[in-house]
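Remarks on the structure that follows.
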Amino acid sequence: MKLNQSLLLVIFYLSFTLPNFAQDSMPPILHWDGKSKELLVDKSNKWATPFELSDGLESPTYTETMAWLEKLSAESAYLSMMNAGISEQGRIIHLLIASLDQDFSPSELSTSKKPLILIQAGIHAGEIDGKDAGMMLLRDIALGDKKELLTKANILFIPILNVDGHERRSEFGRVNQRGPKEMGWRTNAVNLNLNRDFTKLESAGIKTIAKIIIAYDPDLYIDVHVTDGADYQYDITYGYVASGGYSPEISKWLSTAFQPEVDQALKDMGHIPGPLLFAANGNDFSAGNIAFSFSPRFSHTYGDIRHMASILIENHSLKPFKQRVLGTYVFLEQAIKSLGNHFEALQAAVKADSNQPKKDIPVKFKFRDTPADSMQFLGVASSIVKSEITGAEYVKWEGKPITQSVPSILMDVPELSVAVPQAYWIPAEWTAVISKVQQHGIKFDTLTEAQEISLDLSTVTSYSMGNQPYEGMMRVQKFELGSERRTQTMNPGSIRIPTDQALGELVVILMEPESVDSFFQWGYFNTIFTQTEYMETYIMEPLIAKMLAEDSDLKARFESKKTNDANFAKSPRAIYQWFYAQTPYYDQNWKVIPVGREW
């Protein structure tokens, strides 16, 4: 009994001391007193949000959030709240719609002359700034002095996408982040990272987003996150596919029409905007900042390949929660204004990108040989300290602003491009893949009767699998490919996917095995690696002798392979397998990727 009481006392003590200890261990806070504090309403205001009532320290629970938003929606004719999806644990994924014309249906919004902005919060539920900023902004639009924003654009707002992760909340949610007091969990209820799921569509959250994108056809997509990592002065960092992507005209619009206005709005309200920041050396920025070429499994690059202007916000985790939320408010408000002001130019960019030629498409990018121009980086002083505990060195941030010249290291050079066929074919039996093609909104035709067709297929000559699951999948890691042309029967239910469509680039990325986000690399065709039929050696020996005696060309090829491949010559198993492959008994579908190309 005494031991149990002691344990309870320790747990009770730690529950109070650990959160404070983690906060006390953080780098010093840079002073901030931005003008955006004026956006906060007084606590006596009937419509003060839970964030405002807590002095910017707390974010409400799922139940509290939805109750507040339902009440707000009921108060305003310009708001509508609906169920967009259901999570793995059965929670509703809510969608808020704001429209001055009270256009709330997908058909009305997708055909409206006004642009449509999709704002998504809580895809990583501990990174929840967008929810609290969105609640304040919708309040001020519906009941305050910012109704004119709805003359600029219609709004879709998802307050919490990862609703299950949001409710796995505690003071121990994110040790590297300054608030809110309780934070949700990064992954969903089955431990999937939703911002790695945009191509494979395994989670309820991303399936919901895909449905929303297809149904409503938004013009601008904003995904709100909070960073991890190094310290610096910037509080609101964000990015988009500036180069090395699939929508160059949209990228130009974002860099020339959108970004200057948003940056200026943030500066005017006392914030410091910056680009997405990834330290080249993993610690500080002395070696440069890396601009990665993210694959379309991520939100903003998925938007890019769909030719939808897309932004990834990464608020700085070491800045206080209040500062981050207010900066997000400023960003979203200006994003609505800029979208409305430059909508015609964005429409022209989308049209150009959707209709660009599709002869060759890059499926893999690499770094430039030399860095791009250096940026004047608003950093924070640091020092290298040797740990007395581990003996290793680590970075200690000192809380003193510095300016340094930092090279920009860009990963935007196409490393591998593939020729684009007229169409891809998927046999009827691969139902999971066909379903995902449909969920992406890709156009395809379905066979109603069997058809003989000549196709090019990729064969796998060697491969290795990842040594552990990644996002729940056993990925194909390293492989070499061959190819073959064959005529085969495509049964009813098989699909033909033309590449001459707006989502043609996405089709190629999903179908071509060299793409890191192909269905092949994600593991959806892993059963092709299983060989189920074999031949006994007592059958092989006399059969091989007969084959060598009757086929001089075969004999010459065998002798050549033995001469040139010492490992083959020493392996009876490899010799048997080689001869077995020359017979009609061999499984013709073994290690053949069942995605056919029609030229």
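The values are calculated or read from the model by the stated rules, or taken from the named source; none is laboratory data. It should be emphasised that the depicted structure is a prediction, and the values quoted were computed from it without experimental measurement. Note: ideal-geometry Cβ built from the backbone for every residue, glycine included; neighbour counts use all protein chains shown. We work out accessible area using only protein heavy atoms, side chains counted, and drop any ligands, DNA or RNA first. Shrake-Rupley method; radii C 1.70, N 1.55, O 1.52, S 1.80 Å.
Could you tell me how many of the residues in the stretch 185-201 are in contact with a strand residue (DSSP E or B) (Cβ under 8 Å, 6 or more places away or on another chain) and either assigned to a loop (DSSP other than H, G, I, E, B) or surrounded by fewer than 21 Cβ atoms within 10 Å (Cβ to Cβ) (or both)?
At the first step, the residues of the stretch 185-201 found to be in contact with a strand residue (DSSP E or B) (Cβ under 8 Å, 6 or more places away or on another chain) are 195, 200.
Add one more test, that the residue is either assigned to a loop (DSSP other than H, G, I, E, B) or surrounded by fewer than 21 Cβ atoms within 10 Å (Cβ to Cβ) (or both), and what stays is 200.
Counting residues in the stretch 185-201 that are in contact with a strand residue (DSSP E or B) (Cβ under 8 Å, 6 or more places away or on another chain) and either assigned to a loop (DSSP other than H, G, I, E, B) or surrounded by fewer than 21 Cβ atoms within 10 Å (Cβ to Cβ) (or both) gives 1.
Of the residues examined, Glu182 is not one that is farther than 22 Å from His316 by Cβ and surrounded by fewer than 24 Cβ atoms within 10 Å (Cβ to Cβ). Applying a threshold of 9 Å to beta carbon distances and a minimum spacing of six or more residues, or different chains, the list of pairs starting in the stretch 580-599 at a residue that is under 16 Å from Ser458 (Cβ atoms) and ending at one that is surrounded by 15 or more Cβ atoms within 10 Å (Cβ to Cβ) and at pLDDT below 95 reads Gly596/Gln488.
State which residue is surrounded by the most Cβ atoms within 10 Å (Cβ to Cβ) when the search covers only the stretch 22-54 and only residues that are part of a helix (DSSP H, G or I), modelled with pLDDT under 95 and not small (Gly, Ala, Ser). Residue satisfying both the conditions and the ranking: Gln23. Close contacts from the stretch 523-545, counting a first residue that is surrounded by 11 or more Cβ atoms within 10 Å (Cβ to Cβ) and a second that is small (Gly, Ala, Ser), with Cβ to Cβ under 7 Å and a gap of 6+ residues or different chains, come to Tyr524/Ala432.
Regarding the stretch 159-175, can at least one residue be identified that is in a loop (DSSP other than H, G, I, E, B), modelled with pLDDT under 95 and of a type in the set (A, V, I, L, M)? Break it down stepwise before answering.
From the stretch 159-175, those in a loop (DSSP other than H, G, I, E, B) are 159-162, 168-169, 171-175; that's our starting set.
Next, from what is left, pick out any that are modelled with pLDDT under 95: 171-175.
From what's left, of a type in the set (A, V, I, L, M): 175.
Yes, because at least one residue in the stretch 159-175 is in a loop (DSSP other than H, G, I, E, B), modelled with pLDDT under 95 and of a type in the set (A, V, I, L, M).
Residue-level check: of (1) crowded, with 24+ Cβ neighbours inside 10 Å; (2) in a loop (DSSP other than H, G, I, E, B); (3) of a type outside the set (Gly, Ala, Ser), Ile119 misses just (2).
Gln120 meets all of the listed conditions (1) within 30 Å of Lys319 (Cα to Cα); (2) out of contact with any Gly (no Cβ under 8 Å at 6 or more places or on another chain) but one, namely (2).
Name the residue that is surrounded by the fewest Cβ atoms within 10 Å (Cβ to Cβ), counting only residues in the stretch 387-428 that are in contact with a helix residue (DSSP H, G or I) (Cβ under 8 Å, 6 or more places away or on another chain) and in a loop (DSSP other than H, G, I, E, B). Restricting to residues being in contact with a helix residue (DSSP H, G or I) (Cβ under 8 Å, 6 or more places away or on another chain) and in a loop (DSSP other than H, G, I, E, B), the top hit is Ala428.
Here Val241 fulfils each of the conditions (1) at pLDDT 95 or above; (2) out of contact with any His (no Cβ under 7 Å at 6 or more places or on another chain); (3) closer than 30 Å to Ala502 by Cβ; (4) open to solvent by less than 30 Å² (accessible area, probe 1.4 Å) apart from (2).
Just to be sure before I move on: is Ile305 of a type in the set (A, V, I, L, M) and either more than 26 Å from Asp33 (Cα to Cα) or surrounded by fewer than 21 Cβ atoms within 10 Å (Cβ to Cβ) (or both) in the structure I sent? For Ile305, the condition - of a type in the set (A, V, I, L, M) and either more than 26 Å from Asp33 (Cα to Cα) or surrounded by fewer than 21 Cβ atoms within 10 Å (Cβ to Cβ) (or both) - is met. Within the stretch 442-488, which residues are modelled with pLDDT of 95 or more, in a loop (DSSP other than H, G, I, E, B) and surrounded by 14 or more Cβ atoms within 10 Å (Cβ to Cβ)? Scanning the stretch 442-488 gives Ile442, Lys443, Phe444, Leu447, Glu471, Gly472, Met474, Arg475. Note on the stretch 336-378: among residues that are open to solvent by 90 Å² or more (accessible area, probe 1.4 Å) and among the acidic types (Asp, Glu), the one that is farthest from Pro407 (Cα to Cα) is Glu344.
Just one of the listed residues (Leu100, Leu57) is open to solvent by 20 Å² or more (accessible area, probe 1.4 Å), touching a Gly at 6+ places or on another chain (Cβ under 9 Å), more than 22 Å from Thr208 (Cβ to Cβ) and part of a loop (DSSP other than H, G, I, E, B), namely Leu57. Residues satisfying the criterion are absent from the stretch 126-139 (criterion: within 18 Å of Ile206 (Cβ to Cβ), more than 19 Å from the chain's Cα centre (by Cα), open to solvent by less than 50 Å² (accessible area, probe 1.4 Å) and of a type in the set (A, V, I, L, M, F, W, C)).
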